[in-house]
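Colleague: Provided herewith is a single structure, encoded as structure tokens, for subsequent inquiry.
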Amino acid sequence: MSQQLLAALADPERLKLYASIVRFGDAAEAPAGKAGQKHLARLVKAGLVQALPDGTLRADAEVFRKALAAAPKTEADGDVPQQLKPFFEQGRLRSMPMRPAVRQALLAHLTHTLFEAARTYTEPEVNAAFRTVHDDSAMLRRYCAEAGLLVRAKDGSSYQRAA
């Protein structure tokens, strides 16, 4: 993400203002006071907010898409095996392979990348790890357990990466 976006959202008051604009959409109005106007100007300059002619404010999510597109590829992208690269975009899993052999390879890659061999993980820890690459952590957890790549305790309280 660009330095300008991060800097614009780094101030807690500016972050609250941006969150308010996102939350209330077109109903959001310009903040009162000199400090509020200064924060708003910074958000507008960063491209996070648009001041509309009628005085309302609108958050612009396109700025995040543009920042992601311009960002260099992460190290995680370089670690993905060549046959699995079409399923990833900027370090995130964008689709699941249909072919069973490729799906198995993808799941094995994820479990070996995200989990240590001898460590026990709680379900929330497993979900958090999977969410780093895909929003549907339950799907990935289930697929890995069914494939025998993650072993679930009988009481369902914990998981371990299969050896």
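The values are calculated or read from the model by the stated rules, or taken from the named source; none is laboratory data. Predicted model, so just to flag it, every value in this text is computed and none were measured. Counting neighbours? That spans all protein chains shown, and the Cβs are built from the backbone with ideal geometry, glycine included. Surface accessibility is based on the protein's heavy atoms, side chains included, excluding ligands, DNA and RNA. Shrake-Rupley method; radii C 1.70, N 1.55, O 1.52, S 1.80 Å.
Colleague: Here is a check on your reading of the model: is E116 over 25 Å from G25 (Cβ atoms), modelled with pLDDT of 90 or more, assigned to a loop (DSSP other than H, G, I, E, B) and touching a strand residue (DSSP E or B) at 6+ places or on another chain (Cβ under 9 Å)?
Modeller: In short, yes.
Colleague: In this structure, does A46 turn out to be open to solvent by less than 60 Å² (accessible area, probe 1.4 Å) and either farther than 13 Å from Q90 by Cβ or at pLDDT below 85 (or both)?
Modeller: Yes, satisfied.
Colleague: Name every residue in the range 39-60 that is touching a helix residue (DSSP H, G or I) at 6+ places or on another chain (Cβ under 9 Å) and part of a helix (DSSP H, G or I), in order of residue number.
Modeller: The answer is H39, L40, R42, L43, K45.
Colleague: So which pairs qualify, if the first residue must be in the range 53-64 and closer than 16 Å to A41 by Cβ, the second must be aliphatic (A, V, I, L, M) and assigned to a strand (DSSP E or B), the Cβ gap must be under 8 Å, and the two must be at least 6 apart or on different chains?
Modeller: Hits for this filter: L57/V49; L57/A51; R58/V49; A59/V49; D60/V49.
Colleague: Exactly one of these conditions fails for R141: (1) touching a His at 6+ places or on another chain (Cβ under 9 Å); (2) modelled with pLDDT of 95 or more. Give me its number.
Modeller: Just one mismatch for R141, condition (1).
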